[in-house]
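Each remark here refers to the structure printed beneath this line.
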Amino acid sequence: MFRPPRLLATAALVFLVAACSPTVRVEAPEKPIEINMTVNIRHEILVKVEKDVQQLFDENKGLF
């Protein structure tokens, strides 16, 4: 027995399942990843140390 409607339904189902399959691509980026971390800690430390040193010089004027 040949049943065209069942054959067409099966073919349509196979086509729909194949058309809906997800695609995953893993690609390397074109440009390298750049992390810019500009942190100016040295300046803050020098300012704090400079204030402490100035205070020590003011308290002990006869050392130097």
Work out, step by step, the length gained on full extension between I35 and L16: first 0.36 nm times the residue separation, then minus their alpha carbon distance; give nm to one decimal. 2.4 nm
Can you list the aspartates and glutamates whose alpha carbon sits under 18 Å from that of K61, skipping same-chain ones fewer than 8 residues off? E50, D52
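A short reminder: the numbers here are calculations on the coordinates, not readings from a lab. If you're wondering where the values come from, they're calculated on a predicted model, not measured in any experiment.
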